[in-house]
Amino acid sequence: MFEQTFKNIDDILHKDAGCSSELDYVEQTSWILFLKYLDDLEKDKKTAAGLAGKSYANIIAPDYQWTKWAAPKLESGKIDHNAMTGDDLKDFVDLKLFPYLKKFKTDAVSPDTIEYKIGEIFSEIKNKVQSGYNLREVINRIDELRFRTHAEKHEMSHLYESKIQNMGNAGRNGGEYYTPRPLIKTIVKVVNPKLGDKIYDGAVGSAGFLCEAFEHLIHSKGKQELLTTKDIATLQKNTFYGKEKKSLAYIIGTMNMIFHGIEAPNIIHTNTLAESIYDIQEKDRYDIILANPPFGGKERAEVQQNFPIKTGETAFLFLQHFIKILKAGGSAGVVIKNTFLSNTDNASVSLRKLLLDSCNLHTVLDLPGGVFSGAGVKTVVLFFTKGMPTKKVWYYQMNLERNLGKTAPLNEGDLAEFVELQKTFADSDNSWSFNISEVDSITYDLGAKNPIKKEETAMRQPKQILDEIKALDSESEAILNSILKLL
């Protein structure tokens, strides 16, 4: 139901002059989908309140409720043919609906409420659909969707993730927001957050890590029914935290978490790196960090002043931030370019020393090229706990028999051996351990080569090469003499 509806909506938006890319399709589908989801959420809350003998006050005023402006119904259940469309619909959305929803941000009692998040979303996003007739078609399609049962919400959240993935595949900017779901699942499994942990992603993007951590925590206790009221309150209010610099990513990440069941996500729209790590105190720290910070970016000199190790490389600044903001005993799984392991510049060397001295870097997952579609860089995942220096690092080098790309993406099966071997840090053809006592104390080079895997071709001795050249020369001379005899 959801998959075909999303395809139909993309076809409609493709025809609209205001939507030119997959990024626009996701953005515009998101805000309309969100308002329909919010309407169904309010119906559920009203029903639950009635069963408990309580009254429920709607968040959205009557004139702005979905069933009033978007999908007024006839007795047959079909949308009233007199429902707004064309310029009337576009004017209502642009001039009345959006200004009304924006006001929620200033009227909300606190930032950790769904009202505040509604205000933030509609302060950051705008309606780009230029044709009111196209907008009517999209609304009609979305109105067909239901978000009442757990199964319906689960299906919708996963298909929304696939739309975000398409956005990531569509272009460079979109790709900044998307980490392949199989990799996220694997990182979450290895880090293994527990109920009660405070989980943080300082480069939250589309919130894939936080959404997957939510799923992990729900299933780690068994069926959802086994969660207590206190557990649910903890998950909703005091577990997931994130920061995101870019407007579109911030909005999509917020909505993605709401669609997954976190009603008022603790995601802040800010530049994480603009905050001085010298100001981080114990109360600011987190138990778990899961992140894929943007790599390849360059930060200005004034931003670099917030960090003891000065570098323009965005990912290296994020890594300093993560080390500082992680609690003692806390665990992290962070994706970074593989050049971090062996770069010889001062910042890379200093950062590796900081990591090894202040944290136990227990695992390095070396990923093949093509994991991040269109990124053109190889990456590793660093798994570390804070509070004790590193003694030994376990490496796993993923060697696949196929090239990864859009048509052959990474899957969970590719990572299954890593997950199993990592439990005991076992040696294999693809994994080995490395004692930090053997690391060069000047370069702190961590770019270890697999000592188990044999070289495919042994180097020939110089005498063998010279003998072969001599034989080839003799053969050439014989051929040349034969040709001369024919002349």
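A short reminder: the numbers here are calculations on the coordinates, not readings from a lab. Predicted model only: the values in this text are computed from it and were never measured. Positions of Cβ are generated from backbone atoms using ideal geometry, with glycine treated the same way; all protein chains shown enter the neighbour counts.
Hydrodynamic analysis of segment 82-204 uses the Kirkwood radius over alpha carbon pairs. Inserted into Stokes-Einstein at 4 °C and 1.567 mPa s, it gives a translational diffusion coefficient of 72 µm²/s. When the alpha carbon gyration tensor of segment 171-459 is reduced to an equivalent ellipsoid, the three semi-axes, largest first, read 29, 23, 20 Å.
Gyration tensor analysis over the Cα atoms of segment 1-148 returns equivalent ellipsoid semi-axes of 25, 19, 15 Å (largest first, whole Å). Hull volume per residue, based on the alpha-carbon atoms of segment 1-78 and their convex hull, is 142 Å³. Computed per residue of the chain from DSSP H runs no shorter than four, each worth -39500 (n - 2.57), the mean residue ellipticity at 222 nm is -14000 deg cm²/dmol. Under 18 Å of direct C-alpha separation, and excluding same-chain neighbours fewer than eight residues apart, residue 353 reaches these lysines: 310, 324, 337, 386, 391, 392.
Highest average first, the peptides 314-321, 136-143 ordered by how many other beta carbon atoms sit within 10 Å of their residues are 314-321, 136-143.
Between helix 114-124 and the chain there is an angle of about 70 degrees, using the helix long axis and the longest principal axis of the Cα atoms. A protection proxy built from the mean count of other Cβ atoms within 10 Å ranks the segments 81-88, 293-300, most packed first, as 293-300, 81-88. No solvent, one uniform scatterer per C-alpha: report log10 I(q)/I(0) for the chain via the Debye equation at q = 0.10, 0.13 1/Å, two decimals. So the normalised log intensities work out to -0.82, -1.26.
Full extension of the chain segment joining residue 58 with residue 424 gains 126.5 nm, where the gain is 0.36 nm per residue of separation less the Cα-Cα distance.
In units of the rule-of-thumb radius 2.2 N^0.38 Å, segment 234-389 shows an alpha carbon radius of gyration of 1.05. The DSSP beta bridges internal to segment 171-459 are antiparallel in roughly 55% of cases. Fully extending the segment from residue 476 to residue 162, taken as 0.36 nm per residue of separation minus the present Cα-Cα distance, adds 106.9 nm. Ranking of 436, 289, 323 by neighbouring Cβ atoms within 10 Å, starting from the fewest: 436, 323, 289. Simple point charges give the picture: +1 on the Cβ of Lys and Arg, -1 on the Cβ of Asp and Glu, and for segment 14-157 a dipole about the Cα centre of about 340 debye. When the Cα positions of 344, 377, 251 are compared along the charge dipole of the chain, 251 comes out farthest toward the positive end, with charges on each C-beta of Lys, Arg, Asp and Glu.
Distance between the pseudo-spin-label points of residue 14 and residue 154 (7 Å out from Cα toward the beta carbon): 3.2 nm.
Evaluate E = 1/(1 + (r/R0)^6) for residue 450 and residue 87, where r is the Cβ-Cβ distance and R0 equals 56 Å; express this FRET efficiency to the nearest 0.05.
Calculated transfer efficiency: 0.30.
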